[in-house]
Every structure is written in C-alpha cells, then in structure tokens.
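Visitor: The structure under discussion is supplied below as structure tokens; questions concerning it will follow.
Rule-based calculations on the coordinates, nothing more; no lab input. Computed from a prediction, not measured in an experiment: that's the story for all the values here. Counting neighbours? That spans all protein chains shown, and the Cβs are built from the backbone with ideal geometry, glycine included.
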Amino acid sequence: MIKDVSDLEVYQEALRLLPEIYSLSRRLAKSEYDLVLQVRRAGKSIAANIAEGFAKRSSEKEFKRFLKIAIGSSDEVITHLRMIAIVQPNLSFEAKRLADKYKVLSKRINSLCSHWQSGGTFRSSDTQTV
C-alpha cells in the first residue's frame, strides 16, 4: 500500500527530471527568459499537483483531477521543450531527448489515474509500472 506521496514512482520521476529542466534552461539565450520561467514552472507543477492530489486521495475523484492537471503540466513541458528546439537549434537534441522522457512520464501518470482506486490500491496487478 502507498503510504506517502514519495512512494509513487511518478512523483519520484517528476522530481528526478527537474534538474534536467534546470540544466537545459540555464543554457537558453537571455532573450528567452520567459521560456526559462515557463518550462521551470511547468516542470515543478507536475510533482506539486501529484502531491496535492495525494493529500486529497480519500476522494478518488479529487486525486484523479490533480493527476490530470499533472498530465497537463507534463504536456506543457513537452511543448516548451519543442519550442526550445526551435528557437535554439543547438539545444534541439537535448530538448527532444528530455521531451521523450516527459512523454513517458505523462503516460505513466495517465496509467496511475486509470488504475487508482480509493484507499491506495490499484486495479492492475502491476504496480511497478506506475
């Protein structure tokens, strides 16, 4: 049974990816400062929404609502990374590689959302992929 938000692999992964966002965004041109702020904010929002939803997990509907918001933030990161690849082509490879990681994260959060039941149980027998 999941007892703490840090037991959720998607939460751990959202935190693990955050330093990569910061590392890449530090290399953006100063003129792209707004993009730096947006991609960092969206990256931080993923773990924050998972945590906020987990705190409200007694309501399955509320938890899933926050997981869907986290998916939206992850997809927003992907869009910002695509923009980085366009506006700064020298970072294109890294931005695309990181976007691929966020695509996987979005899918994993979606899987958690689909399989979560109140009480911290899963409908699927394979909780390791979540």
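Visitor: Could you check how many residues of the range 35-93 are in contact with a Phe, Trp or Tyr (Cβ under 7 Å, 6 or more places away or on another chain) and aromatic (Phe, Trp, Tyr)?
Guide: Looking only at that region, the number is 2.
Visitor: Of the residues Leu18, Leu28, which is in contact with a Gly (Cβ under 6 Å, 6 or more places away or on another chain), touching a residue at least 24 places away in the same chain (Cβ under 8 Å) and not β-branched (Val, Ile, Thr)?
Guide: Sole residue among the options that is in contact with a Gly (Cβ under 6 Å, 6 or more places away or on another chain), touching a residue at least 24 places away in the same chain (Cβ under 8 Å) and not β-branched (Val, Ile, Thr): Leu18.
Visitor: Working carefully through the options Ile71, Ile78, Ile86, find the one that is farther than 16 Å from Leu15 by Cα and in a helix (DSSP H, G or I).
Guide: It is Ile86.
Visitor: Go through Glu76, Glu94, Glu60, Glu52 for me and flag whichever is in contact with a Leu (Cβ under 6 Å, 6 or more places away or on another chain) and among the acidic types (Asp, Glu).
Guide: After ruling out the rest, the residue left standing is Glu94.
Visitor: Is there a residue in the range 19-31 that is outside any helix (DSSP H, G or I) and within 16 Å of Cys113 (Cα to Cα)?
Guide: no
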